[in-house]
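S.K.: Sharing a structure with you now.
The values are calculated or read from the model by the stated rules, or taken from the named source; none is laboratory data. Note that the structure is predicted; figures quoted are calculated from it, not measured. All Cβ positions, even for glycine, are placed from backbone atoms using ideal geometry, and neighbour counts span all protein chains on display.
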Amino acid sequence: MLGESGAGKTENTKKVIQYLTVVASIDKHLNELQNQILQANPILEAFGNAQTIRNNNSSRFGKFIRIEFNSRAQICGANIEWYLLEKSRVHYQTPKERNYHIFYQLLEADEDIKKLLLLDGTADDYNFLKQSNKRIDGVDDREEYLNLVKALDIMGLSEKEKLDLFKIVAAILHLGNISITSYLDRADIKNFDMVERACHLLGISAEGFKKSLLAPRIKAGKDWVTQAKSPAQVIASIDALAKTLYERNFGFLVERINKAIDGPNAKEKAGFIGVLDIAGFEIFEASVLFNFEQLCINYTNEKLQQFFNQNMFELEQEEYRKEKINWDYIDFGKDLQPTIDLIEKINPVGILSCLEEECVAPRGSDQRFLQKLNKFCNNDDPDAKYKTTRFQDGFILKHYAGDVEYSVNGWIEKNKYPLNEDITRLLARSSQKHTAKLFEEYEEENNDRTHNHSTSSFVSMLKVRKGSGSFGTVGQRHKQQLSTLMSTLYVTHPHFVRCILPNDKKRPGEIQTKLVLDQLRCNGVLEGIRICRKGFPNRLSFDEFRKRYGILCPNLLNRESFIDGRTACQLLLDQLNLDKERYQIGMTKVFFKATVLAELEEQRDNKLGVCITQFQAHCRARLARQFQTRFSRQADAIRVMQRNARIYISLREWPWWKVYAKLKPLNAAYRVDIQMQERDQKIHTLEAQLKDQSSTANEMASRNQELENQQVELKQLILDEQSIIRELEESKQELFQKFTMAEERIEELESELNQKSKTMEENQKNLEQKADQANLELFQQLEENKTLKERLAVLEKENKDIKASLKEKQYQFDKETIEKNGKIQQLELDYKNKIDILNTEIEELKEQLNEVKSQSARDNKQNHETTVQLESEINELKQALNNETDTRNDLQTKYDCLKEDWDNLTALVKAESDQAKSRISRFDQVLNDLKAIPSS
Ligand SMILES: Nc1ncnc2c1ncn2[C@@H]1O[C@H](COP(=O)(O)OP(=O)(O)OP(=O)(O)O)[C@@H](O)[C@H]1O
């Protein structure tokens, strides 16, 4: 079934399944299996369908339903495979859409069930539902709920199994109601009662769940550490959990249905009819950006379209070529392989492989993924299927139905299937068996894999494999599933049902021409019609054609003589005066243009009509003749009866006749009496004989029984004896074997002994040689030891000397250092004293100068000479001061030189001490080595 969303794929799938179940039933009454196959649909619709903008009952997953038939063309089982469930709908829907039907149906369930599921209120009370549309026109959720329960009953689900399924759905609703607040930058839960509700239904500890949600434990190397989460991270974690729970529950449900419809006579399966109903191509308005899920859906449709094209165009023309009929190959330009390669190829790297690589990379991000894609896939070819976008974080892909722009935001996360593993481990240990089963692979991980659980197929399907390089990512899983599906499809004989969406308003009886034409154009139907008109859509093998249409020329083909198929067909077609343009004869088949076969069928019908009329005339004539014969015989019989009646009427009053009539019965009665007596006599004798025989038979039986008993006993005896003989034989055999084995063993032992004595002799020789060698070596060793000891003594002495000289040098050095330090201190002291003296002198002079100045101010003229004198004195003093300053500078340079000498000396001493130390350590090493040599 192919077509856009809302075009009618699911409805037609249901019709096909209904049709198949009815035609395959023996007496037009459906048996349990057929009923169950039909009832799978309402169940899947409740859990997998939802209202969307385009369709009130849109399937949000793909399915492949296989109906298995036995060799008598009766249904003997069925199987459903599912693909790509739209999980994001569980926590988010646009306002005009709804969540999955089951959520609304459960809110309309019986009160006692709702109590068990802790559900109260309406859709407005649940965060996962309140932003959605609440009701669908013309749909009663209560009624749908009752239908669902009925279907689950027919499917054979127990009350507990039903409740388990519902519990997961209800738990998701409660999870959605958990409010997350922020406390000191950390997430906290506002309404713990919601956690309690969800955890009660899931069978896990509420406290444990809270811890795992807010601060999950993660493995860092070999240790476990807790990691506090932000409110946004916690909300994302809840959403991811809700999605996973829903998907796994759905997987479990499908598996359970499969178990029911597998049928008891699986061995009888001889073939199957499969119906594929998968989400249609998604391409809406140009402004909408598409995400990862839509890429997967469009990739699937691209492959299915390629399959369609191959069947319709390529295989068709391939058959013309094989059959060698006159045909010019038409290229419909419908090769979708480049786009498919772009998505799925590994080398050169395609979109999915690139995404995979980025998911494995430690710092993988959406942006890096896009950069890589642009690097690998973008080129300047105008026909390229990949194009970059200018303004958005994404790329454009050329699909068969048009260009689609994808946004890569969040692809890495979506592909990796992120889960809070602390919670999944908790769920794997749930007290509810059903919940634990949904997450059993996490339990396996916990229990060091020694428990060999039989992982259910849906779990293995959803399982996230860990380890380098082998990620069970969504893209990879889908690619694998799709490849399996395509391999199945390629070995079938496909028929395509193209569903066309008439309008996008969900209204009956309205056709939007442009919409319909667009669909017909891009799905290849128009080309299909073109090739049908140009080509030869109908074909029959020579034998079929001859058998079916031979009737049109009854005397043409002589049954006695051999005519090969091709010639026979050619003769027939010539006789039928068919235009040569309208048919072609191939190597094994005759090909016809459209309508030719219909005309031939009509001619055949007419011919058959004539034949049947003639046959009917013959039958009617025969029946009429039969009636005529019977009628004339009846007339003869009536005449005989009338004659006899007349004779009787004339005789009945004649007296002799009367006497005869009265005596006749008496005569008969007497004879009967005699016969009866004889019979009684016979019965008596027979009874006596029977008695005798039965008594003898009884005797014989008891005798027989005795003999049988004896025979059994004898048989037992024989068996016992036989077994004793066998045992004896066996023990004899065993003894004989043991004896031969013992002999062999003795021989072996003797040879072993010889061998061993030989090897011992050799060993002794070797040992002697080795002893000599060892003695020699020992002698050498002792000699060496002696020299080493001597050397050791020398080295020890040297060591002692070095240590003593080192000590001496150290002492000398310390002494010199102290002396020099003393000198330096003395010099510094002198220098300071002199400076102080000079400073006081200067101060005094300054004071005197001031005095003089004040005096000279008072008596300037008088003291001019004194002033001059004083000035000269000052000059002298200045000269002295300069001299002192020079001395001071000299002292400073001396001090610097001394300091440098002292530094050099310190470095020298340090180097020497280091060298000495290393030599000491080396000597110590040698000493230790020498000590380690054994004195022997
Ligand atoms: N043969 C039909 N007879 C009557 N109504 C039909 C038929 N086919 C489709 N419809 C109507 O169209 C609606 C959508 O059909 P359906 O759910 O089969 O579409 P779909 O192609 O499977 O869509 P999706 O891909 O979204 O699942 C149905 O709910 C029904 O109302």
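S.K.: Looking at ILE612, ILE585, ILE531, ILE563, can you tell me which residue is more than 46 Å from the chain's Cα centre (by Cα) and either touching a residue at least 60 places away in the same chain (Cβ under 8 Å) or assigned by the TED database to the domain that holds TYR329 (or both)?
M.R.: ILE585
S.K.: Touching a His at 6+ places or on another chain (Cβ under 9 Å), within 16 Å of the ligand (Cβ to nearest atom) and hydrophobic (A, V, I, L, M, F, W, C): is that true of ALA46 in this structure?
M.R.: Details: touching a His at 6+ places or on another chain (Cβ under 9 Å): yes; within 16 Å of the ligand (Cβ to nearest atom): yes; hydrophobic (A, V, I, L, M, F, W, C): yes.
Answer is yes for this residue.
S.K.: State which residue is nearest to TYR400 (Cα to Cα) when the search covers only the stretch 5-21 and only residues that are more than 7 Å from the ligand (Cβ to nearest atom) and either among the hydroxyl-bearing types (Ser, Thr, Tyr) or not in a helix (DSSP H, G or I) (or both).
M.R.: Kept after step one, since they are more than 7 Å from the ligand (Cβ to nearest atom), are these residues of the stretch 5-21: 13-14, 16-21.
Subsequent filtering for residues that are either among the hydroxyl-bearing types (Ser, Thr, Tyr) or not in a helix (DSSP H, G or I) (or both) retains 13, 19, 21.
Numbers: THR13: 24, TYR19: 33, THR21: 36 Å.
The qualifying residue nearest to TYR400 (Cα to Cα) is THR13.
S.K.: Considering only the stretch 128-148, state which residues are farther than 14 Å from TYR100 by Cα and either touching a helix residue (DSSP H, G or I) at 6+ places or on another chain (Cβ under 7 Å) or not aliphatic (A, V, I, L, M) (or both).
M.R.: If the condition is that a residue be farther than 14 Å from TYR100 by Cα and either touching a helix residue (DSSP H, G or I) at 6+ places or on another chain (Cβ under 7 Å) or not aliphatic (A, V, I, L, M) (or both), then ASP137, GLY138, ASP140, ARG142, GLU143, ASN147 are the ones that fit.
S.K.: Going through ILE204, ILE235 one at a time, which residue ends up being hydrophobic (A, V, I, L, M, F, W, C), closer than 28 Å to ASP120 by Cα and either in contact (Cβ under 8 Å) with a residue 60 or more places away in the chain or assigned to a strand (DSSP E or B) (or both)? Can you show your working first?
M.R.: Numbers: ILE235 fails: either in contact (Cβ under 8 Å) with a residue 60 or more places away in the chain or assigned to a strand (DSSP E or B) (or both).
Unique residue meeting the criteria: ILE204.
S.K.: Shifting gears a bit: Condition test on ASP164, is it surrounded by fewer than 20 Cβ atoms within 10 Å (Cβ to Cβ) and of a type outside the set (Gly, Ala, Ser)? Give the steps one after another, and end with the answer.
M.R.: Numbers: surrounded by fewer than 20 Cβ atoms within 10 Å (Cβ to Cβ): no; of a type outside the set (Gly, Ala, Ser): yes.
Criteria not met by ASP164.
S.K.: Report, ordered by the first and then the second residue, all pairs with beta carbons closer than 6 Å, sequence separation of six or more or different chains, a first member in the stretch 1-30 that is on the phi > 0 side of the Ramachandran plot, and a second member that is part of a helix (DSSP H, G or I) and more than 12 Å from the ligand (Cβ to nearest atom).
M.R.: none
S.K.: A follow-up question, please. Somewhere in the stretch 604-615, is a residue touching a Cys at 6+ places or on another chain (Cβ under 8 Å) and under 30 Å from ILE531 (Cα atoms)?
M.R.: Step one: filter the stretch 604-615 for residues touching a Cys at 6+ places or on another chain (Cβ under 8 Å), giving none.
No: zero hits.
S.K.: While we're on this one: Scan the stretch 136-171 for residues that are under 17 Å from VAL90 (Cα atoms) and touching a Lys or Arg at 6+ places or on another chain (Cβ under 9 Å) and report the count.
M.R.: First, pick out the residues of the stretch 136-171 that are under 17 Å from VAL90 (Cα atoms): 165-171.
Right, trim to touching a Lys or Arg at 6+ places or on another chain (Cβ under 9 Å) and you get 165, 168, 170-171.
Final tally of qualifying residues: 4.
S.K.: Which numbered condition in (1) within 16 Å of the ligand (Cβ to nearest atom); (2) more than 23 Å from GLY8 (Cβ to Cβ) is the only one that HIS478 fails?
M.R.: That leaves (1) as the condition not met.
S.K.: If you don't mind, another one. Would it be correct to say that ALA40 is within 16 Å of the ligand (Cβ to nearest atom) and in contact with a strand residue (DSSP E or B) (Cβ under 8 Å, 6 or more places away or on another chain)? Don't jump to the end; show me each part of the working.
M.R.: On the way: within 16 Å of the ligand (Cβ to nearest atom): yes; in contact with a strand residue (DSSP E or B) (Cβ under 8 Å, 6 or more places away or on another chain): yes.
Yes; evaluated as a whole, the condition is true for this residue.
S.K.: Oh, and also: Does LEU106 satisfy being more than 16 Å from the ligand (Cβ to nearest atom) and either crowded, with 21+ Cβ neighbours inside 10 Å or modelled with pLDDT of 95 or more (or both)? Spell out the reasoning first.
M.R.: Numbers: more than 16 Å from the ligand (Cβ to nearest atom): yes; either crowded, with 21+ Cβ neighbours inside 10 Å or modelled with pLDDT of 95 or more (or both): yes.
Yes, satisfied.
S.K.: Another question, then. Across the stretch 22-40, which residue is modelled with the lowest pLDDT among those that are over 31 Å from the mean Cα position of the chain (by Cα) and outside any loop (DSSP other than H, G, I, E, B)?
M.R.: So in the stretch 22-40, the residues over 31 Å from the mean Cα position of the chain (by Cα) come out as 22-32.
Subsequent filtering for residues that are outside any loop (DSSP other than H, G, I, E, B) retains 22-23, 32.
Working: VAL22: 88, VAL23: 88, GLU32: 85.
Taking the candidates together, the pick is GLU32.
S.K.: Could you please find all residues in the stretch 52-78 being within 16 Å of the ligand (Cβ to nearest atom) and more than 23 Å from SER487 (Cα to Cα)?
M.R.: Going through the stretch 52-78, the residues within 16 Å of the ligand (Cβ to nearest atom) turn out to be 52-65.
Matches in the stretch 52-78: THR52, ILE53, ARG54, ASN55, ASN56, ASN57, SER58, SER59, ARG60.
S.K.: Against the definition (away from the ligand (no atom under 16 Å from the Cβ) and either in contact with a Leu (Cβ under 9 Å, 6 or more places away or on another chain) or over 23 Å from LEU276 (Cα atoms) (or both)), how does LEU517 come out, yes or no? Lay out the reasoning, then the answer.
M.R.: Numbers: away from the ligand (no atom under 16 Å from the Cβ): yes; either in contact with a Leu (Cβ under 9 Å, 6 or more places away or on another chain) or over 23 Å from LEU276 (Cα atoms) (or both): yes.
Yes; evaluated as a whole, the condition is true for this residue.
S.K.: Same structure, new question: Kindly establish whether ASP124 is over 32 Å from the mean Cα position of the chain (by Cα) and among the acidic types (Asp, Glu).
M.R.: For ASP124, the condition - over 32 Å from the mean Cα position of the chain (by Cα) and among the acidic types (Asp, Glu) - is met.
S.K.: How about the stretch 183-231: which of its residues are β-branched (Val, Ile, Thr) and within 29 Å of the chain's Cα centre (by Cα)? If you could, list the steps in order and put the result at the bottom.
M.R.: Our first condition is that a residue be β-branched (Val, Ile, Thr); within the stretch 183-231, this holds for 189, 195, 204, 218, 225-226.
Passing the criteria: ILE204, ILE218.
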